[in-house]
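Q: Have a look at the structure that comes next, please.
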Amino acid sequence: MKTYENQGNKDTRSGFGAGLTELGKTNENVVALCADLIGSLKMDDFKNNHPERFFQIGIAEANMIGIAAGLTIGGKIPFTGTFANFSTGRVYDQIRQSVVYSGKNVKICASHAGITLGEDGATHQILEDIGLMKMLPGMTVINTCDYNQTKAATLAIAEHNGPVYLRFGRPKVANFTNEDQTFEIGKAVTLTEGTDVTIVATGHLVWEALKASKVLHEKGISAEVINIHTIKPLDDKAILDSVRKTGCIVTAEEHNYLGGLGESVSRVLAKHLPTPQEYVATNDTFGESGTPAQLMEKYGLNSNAIIKATENVLKRK
């Protein structure tokens, strides 16, 4: 069984900041816009080194999206930054009309996603943003798992022509993917191979899936773990190839089970290969205040929940 080592906990938002800093040096068309959260989005270095390409919009997220759309007309590649809740739910009309319907090359970069935003509570957390974004025609949706992958994704989306939603988080989490990785949009990454069950995970739940797979291995259960960093376009082939071997699947995400990764996987399976599936996700609910660890435990978004879901789905094979 292949194992992965934690290179040290880092927050994924800092991976975005590092990627943006590198883009500032290598791509003069990249511009950055922020809605009064420069420190939270780790945009300080870009702002300090390229003040002529940085725009502080203030607490006016709808205006930020409109300005970003306009900047693309002049050939710029705008990266917008604020919390995931404000990046999507607050400005859905502007994203739909000014960016996606118009085919503008805007990169919507969203930090503090999911319940791991923590103590700020339900009004600032969002658990439906992936669903909102993936339903927009032509929108690419990416949800990265660690610092290294977030940095690589930030670099990759600058080369992609079209609107992108890049989702990442606030807390420090395990950093375990390769530092020099090449990020391929729409290409899933098989982390461990297995024969009994497929576990596909996204974002913070990828490391939890790897932890779960170790425990399952000790129980004699061979789990194939797949990192789905791109929710849309989804790597249908990777999912289908895996479940043809294993015969059942668990999906894991820090998102509502309605509209998220699990629902996208269900569509693929229903169309091509009906397969027993269990969901690790929030159950049609808002979040609440608490530490990230407390909330992940309460809402069943950790390795223990993945192990339980695996044991349940194996009974249905």
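Q: Going down the list Lys76/Lys172; Lys10/Lys187; Lys134/Lys187; Lys76/Lys232; Lys76/Lys237; Lys47/Lys134, which pairs span over 26 Å between their C-alpha atoms?
A: Check vs 26 Å cut-off fails for Lys76/Lys172; Lys76/Lys237; Lys47/Lys134.
Q: Amide H to amide H under 5 Å from Thr192: which residues, 5+ apart in sequence or cross-chain, H placed 1.01 Å off N in plane?
A: Val225
Q: Let me ask something additional. Placing +1 on the Cβ of each Lys and Arg and -1 on the Cβ of each Asp and Glu in region 189-314, which of Ile306, Gly194, Ser213 has its Cα farthest towards the positive end of the resulting dipole?
A: Farthest towards the positive end: Gly194.
Q: Related question: Nearest 0.05, what FRET efficiency do Lys25 and Leu240 give at R0 = 51 Å with Cβ-Cβ as r? Spell out each step's value before the answer.
A: Values: r = 40 Å, r/R0 = 0.79.
It comes to 0.80.
Q: In 10 Å bins starting at 0, how do the alpha-carbon pair distances of region 189-314 split up by percent?
A: Calculated over all Cα pairs of region 189-314, the distribution is 14, 50, 30, 6, 0 percent.
Q: Which FRET efficiency value, to the nearest 0.05, is calculated for Asp284 and Tyr101 with the Förster distance at 35 angstrom and r the Cβ-Cβ distance?
A: That gives a FRET efficiency of 0.75.
Q: Given region 10-173, what whole percent of its Cα pairs are spread farther than 21 Å?
A: In whole percent, the long-distance tail amounts to 37.
Q: What per residue convex hull volume, in Å³, do the alpha-carbon atoms of region 22-79 yield? Let's see the in-between values first.
A: On the way: hull volume 3.8 nm³, N = 58.
Convex hull of Cα atoms, per residue: 66 Å³.
Q: Skipping prolines and chain starts, which residues have an amide H placed within reach, meaning under 5 Å, of the one on Lys232, given they are 5 or more residues away or on another chain?
A: Counting only residues 5 or more places away or on other chains, the set is Val141.
Q: Mind pulling up the Rg/Rh value for region 196-251? Radius of gyration and Kirkwood radius, both on Cα.
A: Working: Rg = 11.1 Å, Rh = 11.4 Å.
In region 196-251, Rg relative to Rh is 0.97.
Q: Could I ask something else about it? If you take the C-alpha gyration tensor of region 98-157, multiply each eigenvalue by 5 and take the square root, what semi-axes do you get, largest first, in whole Å?
A: On the way: eigenvalues 97, 58, 16 Å².
Ellipsoid half-lengths, sorted descending, are 22, 17, 9 Å.
Q: Looking at the chain, send over the antiparallel percent of its DSSP beta bridges, to the nearest 5.
A: Beta bridges within the chain, antiparallel portion: roughly 15 percent.
Q: What is the Å³ per residue value for the convex hull set by the Cα atoms of the chain? Provide the component values of the computation, followed by the final result.
A: Working: hull volume 36.6 nm³, N = 317.
Given the Cα convex hull of the chain, per-residue volume reads 115 Å³.
Q: So, one more: Among the trypsin sites (Lys or Arg not before Pro) within region 160-212, which fall in a DSSP loop and have no more than 16 other Cβ atoms within 10 Å of their own Cβ?
A: Lys187
Q: Same structure again: With a/c under 1.5 counting as rounded, go ahead and sort region 150-230 into rounded, prolate or oblate using the C-alpha gyration tensor (a ≥ b ≥ c being the square roots of the eigenvalues; past the cut-off, prolate if a/b is larger than b/c, else oblate).
A: It is prolate, given that a/c is not under 1.5 and a/b is the larger ratio.
Q: Of all beta bridges DSSP finds with both residues in region 10-173, what is the antiparallel percent, to the nearest 5?
A: Bridges in region 10-173 are about 10 percent antiparallel.
Q: Hey, what angle do you get for helix 61-73 against the long axis of the chain, alpha-carbon based, 0 to 90 degrees rounded to 10?
A: With rounding to tens, the tilt is 80 degrees.
Q: Going by average Cβ neighbours within 10 Å, how do the peptides 303-313, 288-298 rank, with the highest at the top?
A: On the way: 303-313: 20.6, 288-298: 16.2.
Ranking, from highest mean packing down: 303-313, 288-298.
Read-outs: derived from the displayed coordinates by stated rules, not from any lab. Here the structure is a predicted model, which is why all the values come from computation and not from measurement. Every residue, glycine as well, gets a Cβ built from its backbone with ideal geometry; the counts of neighbours run over all protein chains shown.
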